Amino acid sequence: MLTAEQNGLLERITAAAEQAASGTAIEIVEVQLRGGGKARLLRVYIDKPGGITHGDCELVSERLGRRLDEEDIVPGDSYTLEVSSPGVERPLLKSRDFQRAAGRKIRLALQEPICGQTRLEGTLAQFAGDALDLEIAPGELLHIPLKQVRKAKLKFEW
């Protein structure tokens with residue numbers, strides 16, 4: 001669990017990252033700050049329709065790095081900034097992630113069992129803000145409240 005101070009820092013970094021990506025189709029998916037001292041790692045995951053290129057990562061890294069340094073947002077001596085794609089099995093964290101994943105295969109880890117299971121896999125048939133419909137077999141839908149979802153991610157299919 002993050003402290004209020006850590007949460008505030010992540011919010012400031014996320015706002016700076018969103019400003020760094022402004023004017024592009026790039027969106028900030030997730031911001032993580034790990035480690036301590038000289039081993040701190042600031043990891044920023046970005047995405048856009050059609051996928052991320054190396055140039056997209058460079059652009060956001062350059063813009064964000066400059067902003068973080070100019071505004072001295074990250075306290076302390078040093079950190080490593082890493083900007084990358086969330087990958088093909090990206091986590092679904094925000095409403096827009098679920099909306100974009102409609103029609104695709106996903107994996108869920110649930111807070112409490114549904115149909116005797118805490119892990120489910122299927123096609124995200126629909127997402128409506130506070131719940132999702134997961135097709136676990138052809139024509140078989142489960143209605144799952146979003147508050148029941150502990151973790152969600154895309155499932156890569158070969």
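Just a few scattered comments:
- Selection status of GLY87, at positive phi, at pLDDT below 90 and either out of contact with any Ser or Thr (no Cβ under 6 Å at 6 or more places or on another chain) or in a strand (DSSP E or B) (or both): yes
Yes or no, residue by residue, for (1) of a type in the set (D, E, K, R); (2) under 30 Å from LEU33 (Cβ atoms):
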residue	(1), (2)
ARG67	yes, yes
GLU89	yes, yes
ALA101	no, yes
ARG104	yes, yes
LEU124	no, yes
ALA131	no, no
GLU140	yes, no
GLU157	yes, no
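- Taking the criterion of being farther than 27 Å from ASP133 by Cα and either of a type in the set (Ser, Thr, Tyr) or surrounded by 12 or more Cβ atoms within 10 Å (Cβ to Cβ) (or both), the residues of region 75-103 that qualify are SER78, TYR79, THR80, LEU81, GLU82, VAL83, SER84.
So that you can scan it fast, the table gives a plain yes or no per residue for (1) under 26 Å from VAL149 (Cβ atoms); (2) at pLDDT 90 or above; (3) among the aromatic types (Phe, Trp, Tyr):
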position	(1), (2), (3)
GLU5	no, no, no
GLU11	yes, yes, no
ALA20	no, yes, no
GLY36	no, no, no
LEU93	yes, no, no
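- Of the residues making up region 41-72, those that are buried (at least 17 other Cβ atoms within 10 Å of the Cβ), of a type outside the set (A, V, I, L, M) and not in a helix (DSSP H, G or I) number 2.
- Some residue of region 64-72 being of a type in the set (A, V, I, L, M, F, W, C), touching a strand residue (DSSP E or B) at 6+ places or on another chain (Cβ under 8 Å) and at pLDDT 95 or above: yes
The values are calculated or read from the model by the stated rules, or taken from the named source; none is laboratory data. Quantities reported herein were computed from a predicted structural model and do not represent experimental measurements. No Cβ is skipped: glycine too gets one built from the backbone with ideal geometry, and neighbour counts run over all protein chains shown.
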